[in-house]
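The values are calculated or read from the model by the stated rules, or taken from the named source; none is laboratory data. Just so you know, these numbers come straight off a predicted model, no measurement behind them. Here the Cβ positions follow ideal geometry from the backbone for every residue, glycine too, while neighbour counts run over all protein chains shown. SASA here: full protein model, heavy atoms, side chains in, ligands and nucleic acids out. Shrake-Rupley method; radii C 1.70, N 1.55, O 1.52, S 1.80 Å.
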Amino acid sequence: MDNLTIAATERSPAVDFDFAAGRLSLKGESYPEDASAVFGPIFAALEAFFGAARDREVSFDFDLSYFNSSSAKALMNMFQMLDQAAGAGCRLTVNWFYAADDDTMKEFGEDFSEDLSHVAFNLVSVE
Amino acid sequence: MLSSFNLFDAEEKSLEQAEDLRQRLEQAPEAVRDGIASLIEAYSRSVREQRRLVRVSDRLQAQLASVNQELGKRKAEAEDALESLKAAQESLVQAEKLASLGALVGGVAHEINTPVGIALSCASHLADSTTSMRKLFEADDISVEDFERFMDTVKDTTGLILSNCERAAELIRSFKQVAVDRTSSERRRFDLAVYIRETLASMGPHLRQAGHTVRLACPEGIVMDSYPGALSQVLGNFVMNSLVHGYDPGQSGTLSITVEHEGAGSVRLTYVDDGRGIPEDNLGRIFDPFFTTKRGSGGSGLGLHIVYNLVTGPLAGSVNAESPAGHGTLFTIVIPLSP
Ligand SMILES: Nc1ncnc2c1ncn2[C@@H]1O[C@H](COP(=O)(O)OP(=O)(O)OP(=O)(O)O)[C@@H](O)[C@H]1O
Ligand SMILES: [Mg+2]
């Protein structure tokens with residue numbers, strides 16, 4: 001399956017999905033005017049990938065410095081998808097990066113991980 | 001009361017009811033029970049997400065509020081800084097005015113010193129001669145030659161005393177006018193050529209000291225109804241700048257002022273020196289406050305800024321500077337006869 005790479009814009013994160021290596025990452029800020037334009041292609045790619053992931057080892061890095069409410073909802077949908085995939089056997093690790101002085105981003109990570117029962121979730125503070 | 005308040009009270013009640021219903025569906029077919037169970041699961045997930053989203057937007061708004069607060073604080077700080085900068089500039093401009101008045105007073109003292117000194121020594125010479133005459137008179141020993149010599153001395157000294165006192169009185173009159181105009185910034189009618197000459201006379205000591213030649217070409221009889229003090233300060237700044245910036249010590253040059261009619265109601269005054277000129281790069285900045293190439297050796301960089309303010313303010317005209325490479329500095333002001 002083809003990798004998905006989308007450069008960051010001022011209002012949307014950089015997407016770097018290296019499906020072959022099992023390494024996915026979202027990095028940057030996310031407050032797009034049209035959330036579905038940004039997240040549509042991301043979800044399409046993830047659905048295709050996890051639909052066939054079986055028991056693969058996959059790591060997913062979230063390194064976000066800011067996002068708006070629609071992006072938060074999209075992230076929650078994404079986490080639900082990840083947890084289902086992990087429940088189905090995929091060995092999935094999520095790394096949630098936050099700047100050491102950014103308590104808000106840390107709390108978002110804690111919040112989002114509440115519902116995860118199959119994914120290995122790491123909060124990673126970055127200096 | 002407050003502790004029992006729950007934003008998601010209704011949702012939680014619905015979930016409890018749903019759970020209740022599910023238990024009463026014990027007898028229903030398995031497919032129905034599973035369907036209901038997953039609906040309940042989806043609903044409870046949705047409530048959790050709603051809680052999370054509310055927290056997300058609360059946090060975002062809190063962030064926004066503190067950013068706004070910070071912004072407000074910064075803006076207030078910037079405004080304060082601007083305010084005190086303006087006050088500082090104001091007081092510097094004031095100080096500059098005082099300093100130029102000080103220089104004027106210094107010039108006055110120096111200029112008046114000469115005629116007063118001459119008159120003084122003539123008077124004391126006359127007093128001495130009179131004393132010896134009186135002695136000769138009391139001894140009844142005056143010769144015709146003695147008397148004729150005394151009369152010559154009297155004629156010479158009184159002539160010199162008179163002319164020098166007149167010179168001093170005239171100087172005082174013109175300085176007084178310039179000084180009053182500078183401080184009072186009063187509007188009045190004045191003869192332009194006469195006034196420029198008076199202003200130049202008040203700068204005489206500075207000019208002579210450096211050995212510069214001053215040329216004035218101004219049609220007689222141009223009467224202005226304007227602010228002579230402002231005009232004299234403008235000319236004073238041009239002249240002082242030429243002296244300070246235009247020439248090396250010991251080097252002397254020619255400063256010239258040319259006045260022409262400009263249309264019906266205005267005059268064009270061109271001031272030129274043949275000094276070292278102003279580099280192209282600086283030309284655009286010389287009217288800026290605090291721009292000086294002599295920082296640390298007396299320049300505050302306000303001279304031409306004040307010129308600009310006076311010409312565009314009270315005099316209601318325009319000022320322009322040029323410095324054709326190798327040909328000194330040229331200032332042109334165009335001002336209405338009656339602003
Ligand atoms: N006639 C001139 N010849 C050469 N340079 C000049 C002349 N007049 C002005 N300048 C340049 O323009 C600058 C600004 O002049 P301005 O009168 O505003 O300030 P200043 O003379 O340096 O300081 P201040 O007048 O406050 O004592 C001077 O520092 C000088 O570099
Ligand atoms: Mg000056």
Exercise for review: Run through the DSSP bridge list for the protein assembly as shown and note the antiparallel percent, rounded to the nearest 5.
Suggested key: 55 percent
Review point. Per-residue ellipticity at 222 nm for the protein assembly as shown, helices alone: DSSP H runs ≥ 4 residues times -39500 (n - 2.57), over residue total, nearest 500 deg cm²/dmol?
Key: -19500 deg cm²/dmol
Check your understanding: So for segment B:155-302: antiparallel DSSP bridges make up what percent, rounded to the nearest 5?
Key -> 70 percent
Practice item. Can you find, among B:Gln251, B:Leu162, B:Ser232, the residue farthest towards the positive end of the dipole of the protein assembly as shown? Put +1 on the C-beta of Lys and Arg, -1 on that of Asp and Glu. Key: B:Leu162
Revision key, fill the gap. Cα extents of segment B:95-178 per principal axis, largest first, Å, are 65, 16, 13
Check your understanding: Which of the peptides B:227-237, A:81-91, B:17-27 is most tightly packed, and how do the rest follow, going by the mean number of other Cβ atoms within 10 Å of each residue?
Key -> B:227-237, A:81-91, B:17-27
Check your understanding: Any idea of the accessible area per residue across segment B:197-283, 1.4 Å probe, to the nearest Å²?
Key -> 44 Å²
Review point. Among bridges DSSP assigns within segment A:4-126, what percent are antiparallel (round to 5)?
Key: 25 percent
Point to revise | Global size of chain B as Cα Rg and Dmax, reported in angstrom | key: 42.3, 164
Exercise for review: Take segment B:188-336, compute every pairwise Cα distance, and split them into 5 Å bins from 0; I just need the percent in each bin.
Suggested key: 2, 9, 19, 24, 22, 15, 7, 2, 0, 0
Practice item. Determine the shape class of segment A:4-126: with a ≥ b ≥ c the square roots of the Cα gyration tensor eigenvalues, call it rounded for a/c under 1.5, and otherwise prolate if a/b is greater than b/c, oblate otherwise. Key: oblate
Point to revise | Relative contact order (%) - segment A:1-122, alpha-carbon pairs under 8 angstrom, separation at least six | key: 22 percent
Review point. Averaged over peptide B:37-49, how many Cβ atoms belonging to another chain are found within 10 Å of each residue's Cβ?
Key: 1
**Study point:** Over segment B:194-339, relative contact order from alpha-carbon pairs under 8 Å, at least 6 apart, %
**Key:** 26 percent
Check your understanding: Which whole-number percent is the relative contact order of segment B:248-298 (Cα, under 8 Å, 6+ apart)?
Key -> 26 percent
Exercise for review: At 1.4 Å probe size, with no ligands or nucleic acids counted, give the accessible surface of A:Leu123 in Å², nearest ten.
Suggested key: 70 Å²
Review point. What accessible area, in Å² to the nearest ten, does a 1.4 Å probe give for A:His118?
Key: 110 Å²
Revision key, fill the gap. Of every hundred units of 1.4 Å-probe accessible area on chain A, the number belonging to carbon and sulfur atoms, as a percent, is 46 percent
Point to revise | Surface share of carbon and sulfur [accessible, 1.4 angstrom probe, percent] for segment B:188-336 | key: 51 percent
Practice item. Find the sum over both chains of the accessible area lost when A and B are paired, probe 1.4 Å, and report it in Å² to the nearest 100. Key: 1400 Å²
**Study point:** Rg over Rh [alpha-carbon atoms, Kirkwood Rh] for the protein assembly as shown
**Key:** 1.43
**Study point:** 1.4 Å probe accessible area per residue over segment B:1-156, in Å²
**Key:** 74 Å²
Exercise for review: Select from segment A:106-127 all residues whose loss of accessible area on going from the chain by itself to the full protein assembly reaches 40 Å² or more (probe 1.4 Å).
Suggested key: A:Phe108, A:Asp111, A:Asp115
Review point. Separation of segment B:73-133 and segment B:295-339 by C-alpha centroid, Å?
Key: 22 Å
Point to revise | Kyte-Doolittle mean at least 0.5 and Cα axial length at least 18 Å: DSSP H helices in chain A | key: A:35-51
Check your understanding: Of A:Ala120, A:Ala72, A:Ala85, whose Cα points farthest to the positive end of the dipole of chain A (charges on the beta-carbon: +1 Lys, Arg; -1 Asp, Glu; origin at the Cα centre)?
Key -> A:Ala85
Practice item. List the lysines whose Cα lies under 21 Å from the Cα of A:Lys73, skipping any in the same chain that are fewer than 8 positions away. Key: A:Lys27, A:Lys106
